[in-house]
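Here is the structure we will look at, set down as structure tokens.
Every number in this text was worked out from the coordinates using simple rules, so none of it is lab data. Note that the coordinates shown come from a computational prediction; the quantities given were computed from them, not determined experimentally. Cβ placement follows ideal geometry from the backbone for every residue including glycine, while neighbour counts extend to all protein chains displayed.
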Amino acid sequence: MNQQLMIEETRKWVKDQLANEKTGHDWYHIKRVTKQAQEIAKVEGADEFIVILAALTHDLIDDKVVESEEQGLKNVNDWLIRIGTTEEQRLHILTIITTMSFKGGTNKPVTTLEAQVVQDADRLDAIGAIGVARTFVYAGNKGDPMYEPTLSVRETLTVDEYRNGRSSAIGHFYEKLLKLKDLMNTKEGKARALERHQFLEGFLEQFLDEWGHE
Ligand code: ADP
Ligand code: NI
């Protein structure tokens, strides 16, 4: 299989697996992240083949999407062998998708340019108007309120607190979203994050203003 075909087949495979996904890791999230990652890869001179395959598969090891990270990892590994990626490509892609997730901000920084690009693209999809929308969908799905002034904002969270703790959609802005601008890896990623970050701040300001301070 040539690289273009490997990408097309992977696209179909991922889309198929995310057909019933409702946790914010749906196919359209993958589609947006992959497009943005490819654009950033062009500007930054990263290997587009690696970036695209990693972007397409990055959420398939999330235990919100699959039974366990191990099972997800095995599926992606088997798939990459099946379509004929080289061992070097396969290991690079697996390393990217296992190291890039936010997990309360406790993960080590990613190292390769390709990993940095995919992580930036994933983070961009968590801010701006799309990011705001995803946050409220996620909170609603989890049963969290949109805002709860009595819940203190938790700046430093353990992985478990981050995943299971009681929060609110607005609380999530402080726990994660507002921090992402400064965590962007690449120059192009940073540039793209600016406008989206400003949108978040404007949204928050108006939200809290309409709520009325207490
Ligand atoms: P990703 O790795 O794509 O950022 P996450 O599972 O961390 O995936 O989050 C999926 C979406 O849901 C993101 O937009 C994220 O900001 C949002 N989200 C994650 N945790 C929360 C939470 N506790 N409350 C509200 N939104 C959340
Ligand atoms: Ni993602």
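Points worth noting:
- Modelled spin labels at residue 1 and residue 190, positioned 7 Å past Cα toward Cβ, are 3.7 nm from each other.
- Approximate spin-label separation residue 71-residue 207, in nm, with each point projected 7 Å along Cα-to-Cβ: 3.3 nm
- FRET efficiency for residue 27 and residue 183, using Cβ-Cβ distance with R0 set to 25 Å, rounded to 0.05: 0.50
- Compactness of the stretch 168-214 was expressed as the Cα radius of gyration divided by 2.2 N^0.38 Å, which yields 1.29.
- Crossing angle, helix 113-124 versus the chain [Cα axis fit, 0-90 degrees, rounded to tens]: 40 degrees
- The stretch 1-105: proportion of alpha-carbon pairs further apart than 16 angstrom, %: 56 percent
- Two-site FRET efficiency, residue 12 against residue 108, from Cβ-Cβ distance with R₀ of 30 Å, rounded to 0.05: 0.35
- Distance between the stretch 186-214 and the stretch 12-64 - C-alpha centres, whole angstrom: 25 Å
- A Förster radius of 45 Å combined with the Cβ-Cβ distance from residue 19 to residue 150 puts the calculated FRET efficiency at roughly 0.70.
- Degrees separating the helix 48-57 axis from the principal Cα axis of the chain, which is the longest one: 60 degrees
- The orientation-averaged projected area of the convex hull spanned by the Cα atoms of the chain comes to 11.6 nm².
- Over the stretch 4-49, equivalent-ellipsoid semi-axes from the Cα gyration tensor in Å: 22, 14, 5
- Entry note, the stretch 1-72: relative contact order of 28 percent, from Cα contacts under 8 Å with a spacing of 6+ residues.
- Angle in degrees between helix 3-17 and the longest Cα principal axis of the chain, rounded to the nearest 10: 50 degrees
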